Amino acid sequence: MRTDDRVLAYGGGWLDRAAALRGDPEWLAERLSDPESVVLPLWRDRCLVDAGRAPVRPAAVDAVELLAGADETVFLGLDAGRAVFAVDLSSREESAARALAGAAEAVDVRALVGGLAPAEAAVLAYAKGLLHWHRGQRFCGSCGTATVAGPGGQTRSCAGAGCGRLLFPRIEPAVIMLVEAPGEPERCLLARHRGAAEDSWSTLAGFVEIGESLEDAVRREVAEEAGLAVGEVTYQGSQAWPFPAGLMVGFRASATSTRVRVDDEEVVEARWFTRAELRARVAAGRPLGRIDSIDRLLLGSWLDGRG
Ligand SMILES: [Zn+2]
C-alpha cells in the first residue's frame, strides 16, 4: 500500500463480487477448473506467504491438494475476470498448513499492509474476515445443529430438521470521530487510550450498540469517554475493517463545551490540540494516526482545514 494519507486500506471495491453468479455451483465448478483462477490460502486469520513475504496465490488448477485439504473454500470475486477463491487451513497445525500451501510463513495481514498493493491488501482482508466468520458459525445458534456453507460461501444454513436457519456474514459497525472544540482557536480532541504507548494520541472510537443510530453512538461514546456533549455530527467516510468483522464509520463531531472529563477506563487522558501543535508533532516524526486506519484520514482532512 502507498503510505498516502488519503488511501484507505482494506476497501476500494477491487473485486467484482459477481453476486448474481456466485451462488451457482456449476458456475463455481467451472471457475475452479479455469486455469486463470487463483486460490488464496489462510491459516487462523493469517496470510500464508512465500520466503519473499509475497502472499501465496497458486492457480486453482494447480491447487488440487490444497483445495481438497481445506476446511472451507469461498469465492471472493472476479479480478479483471479471473476468479479469486480463498481457502481456510485453520484446523491443521501451522507446519502442515504451510506445507500444504507451499508457504514459508503465516503472517498477519496488517503486518504486511505496508508492502502490498491496495487491491491485494483489500482482498486478503476480505478473505480473512469471511473465513473467520465461517469458523465462528459452524453450529446453529437456535438449535445447535451443524451448519453448512452455501455455494460460494456467502451464507451458511442450519442442517437441523425443522430449523434450516440461514446465516449471513455479520458486520460489526464502529464509529470513529474527530471531535472539534467550539469557538476559537480551532482545536480537536485526541485521547490517550489505556495500554497505548506514552505520548500516543488518537481519535475516539467505539462500537455501535443495538438500538442506536451511528450519530447516537458518536454522542454516547464522546460523552462516556470524554465527558463532552456533542452538537452537529457529520459523516466523513467509512472503512472496511475485517479484523475480524468491523466497519469503521468516520465522523466529525462538534463539542458544545471544552471541559473534558475522561472515563479513566478506556481513555486515561484527553486533550485539545491546535493544528499548529499537530503539525509540530508531524514535523517531529510523531505518527498522525495509524498507517492503515481511517483516523489518519480524519486527522489529515482536519489539518487541511483553516487555521
Ligand atoms: Zn438450527
Worksheet entry | DSSP loop GluC sites (Glu not before Pro) with at most 14 other Cβ within 10 Å: longest gap in the chain | 94-197
Response to the item:
Simple spin-label estimate for residue 256/residue 235, 7 Å along Cα→Cβ, in nm, reads 2.4
Fill in: Heavy-atom accessible area ranking, 1.4 Å probe, most first, across 45, 71, 88
71, 45, 88
Worksheet item: If amide H atoms are built 1.01 Å from N in the plane of the peptide, which residues on other chains or at least 5 residues away come under 5 Å of the amide H of residue 72?
Response: 88
Item to complete: Select from 240, 103, 111 the residue whose mean-square fluctuation is largest in a Gaussian network model of the chain (Cα-Cα springs shorter than 10 Å).
Response: 111
Worksheet item: Leaving out ligands, DNA and RNA but keeping every protein chain, what accessible area does residue 274 have, in Å² rounded to the nearest 10, with a 1.4 Å probe?
Response: 30
Worksheet item: Under the Kirkwood approximation for Rh and a Cα-based Rg, what ratio Rg/Rh is obtained for the chain?
Response: 1.03
Discussion item. What does the extension gain come out to for residue 290 and residue 243, with contour length at 0.36 nm per residue minus their alpha carbon separation?
Written reply: 15.5 nm
Practice prompt. Run the numbers on the chain and let me know its relative contact order in percent, using alpha-carbon pairs under 8 Å that are six or more apart.
Written response: 17
Fill in: Within region 41-81, trypsin sites (Lys or Arg not before Pro) in DSSP loop having at most 15 other beta-carbon neighbours inside 10 Å
53
Practice prompt. Quote the accessible area belonging to residue 142 in square angstrom, nearest 10, computed with a 1.4 Å probe and with ligands, DNA and RNA left uncounted.
Written response: 80
Discussion item. Can you give me the solvent accessible area of residue 291 with a 1.4 Å probe, rounded to the nearest 10 Å²?
Written reply: 80
Discussion item. Restricting to bridges with both residues inside region 34-105, how much of the DSSP beta-bridge set is antiparallel, in percent to the nearest 5?
Written reply: 70
Discussion item. What distance in nm separates the two pseudo spin-label positions at residue 186 and residue 119, each 7 Å out from Cα along the beta-carbon direction?
Written reply: 3.7
Worksheet item: Using a Förster distance of 45 Å, how high is the FRET efficiency between residue 30 and residue 215, based on the Cβ-Cβ distance and rounded to 0.05?
Response: 0.45
Worksheet item: Counting only DSSP beta bridges with both residues in the chain, what percent are antiparallel, rounded to the nearest 5?
Response: 75
Worksheet item: Using helices alone, what [θ] at 222 nm do you get for the chain, with -39,500 (n - 2.57) per DSSP H run of 4 or more residues, divided over all residues and rounded to the nearest 500?
Response: -7000 deg cm²/dmol
Worksheet entry | Accessible-area order (highest first, 1.4 angstrom probe) of the listed residues 126, 10 | 126, 10
Discussion item. Let me make sure I get this right: for region 177-307, a, b and c are the square roots of the gyration tensor eigenvalues over alpha carbons, sorted descending. Under 1.5 in a/c it's rounded, otherwise prolate if a/b > b/c, else oblate. Which is it?
Written reply: rounded
Practice prompt. Let me know the charge dipole size of the chain about its Cα centre in debye, to the nearest 20, where only the beta-carbon of Lys, Arg (+1) and Asp, Glu (-1) is charged.
Written response: 240
Discussion item. Can you give the FRET efficiency to the nearest 0.05 for residue 143 and residue 265, using r as the Cβ-Cβ distance and R₀ = 51 Å?
Written reply: 0.85
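The values are calculated or read from the model by the stated rules, or taken from the named source; none is laboratory data. Since we're looking at a predicted model, the values are computed, not measured. Note that we place each Cβ from the backbone using ideal geometry, even for glycine, and neighbour counts take in every protein chain shown. Heads up: the accessible areas ignore ligands, DNA and RNA and are worked out on the full protein's heavy atoms, side chains in. Shrake-Rupley method; radii C 1.70, N 1.55, O 1.52, S 1.80 Å.
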